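Undergrad: Would you mind keeping the following structure in view while I ask a few things?
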């Protein structure tokens, strides 16, 4: 991904938390009028039609009011929409997610700085994909992009590492490095997001069901 593309995408990064708060909850703009974040935890209280202020990560003076347009508990995301105008920066393309695909993840750290991570789509699951980026606190809501800078989804969760089967003697054993050898991040694809939004391709109007009777004179 070109540096200029990465810089523009960083300008499309927002939070629902104010700049002076200790924790920063990531929001990613994904088209000219919409932004997306995770639905769990502190974001589970969002309701449809609720007004919310988003705070830009790069420009601390930029605050934008949006309205909650979609709340999907099944997919673990919330979509915000502008009532008027458009976001000053946004990805100009979206694309599909697939197994084996290399990607870049854009999120915000707890110092309120944009953070990029590299990963690969490792598995496909019902309703989601799994990626190899190391999931950390605050990664939920991070944007996922292919190497051309196209939006392909968001990160919503990291895998819980089961420790019940480990046989550990003593109390000085550090479990964190063990967990880090098994990174798996849950990703929701752009295709799934647009399906929930019910945004169809423009070309869909040119298709009709097989059993539909033809209009007289067009056979």
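The values are calculated or read from the model by the stated rules, or taken from the named source; none is laboratory data. Note that the structure is a prediction, hence the values are computed from the model and not measured. Glycine also receives a Cβ, built like all others from the backbone with ideal geometry; neighbour counts cover every protein chain displayed.
Undergrad: Does residue 149 satisfy being in contact with a helix residue (DSSP H, G or I) (Cβ under 6 Å, 6 or more places away or on another chain), under 21 Å from residue 8 (Cβ atoms) and not assigned by TED's automatic domain parsing to the domain that holds residue 35?
TA: So residue 149 passes the test.
Undergrad: Another question, if that's okay. Only residues in segment 40-52 that are in contact (Cβ under 8 Å) with a residue 40 or more places away in the chain count as the first member; pair them with residues that are surrounded by fewer than 11 Cβ atoms within 10 Å (Cβ to Cβ), Cβ under 9 angstrom, at least 6 apart or cross-chain, and list the lot.
TA: As it stands, the answer is 40/73, since those pairs meet every condition given.
Undergrad: Can you tell me which residue within segment 1-52, out of those that are in contact with a strand residue (DSSP E or B) (Cβ under 8 Å, 6 or more places away or on another chain) and assigned to a helix (DSSP H, G or I), is surrounded by the most Cβ atoms within 10 Å (Cβ to Cβ)?
TA: Checking each candidate, the answer is 9.
Undergrad: Sticking with this one: Of everything in segment 53-76, what is in contact with a strand residue (DSSP E or B) (Cβ under 9 Å, 6 or more places away or on another chain), on the phi < 0 side of the Ramachandran plot and assigned to a loop (DSSP other than H, G, I, E, B)? Give them in sequence order.
TA: 57, 58, 62, 75
Undergrad: So, residue 112, is that one at pLDDT below 95 and surrounded by fewer than 12 Cβ atoms within 10 Å (Cβ to Cβ) or not?
TA: Taking the combined requirement at face value, the residue does not satisfy it.
Undergrad: With the requirement that a residue be surrounded by fewer than 16 Cβ atoms within 10 Å (Cβ to Cβ), under 17 Å from the mean Cα position of the chain (by Cα) and over 17 Å from residue 196 (Cβ atoms), what does segment 57-97 give you?
TA: 92, 93
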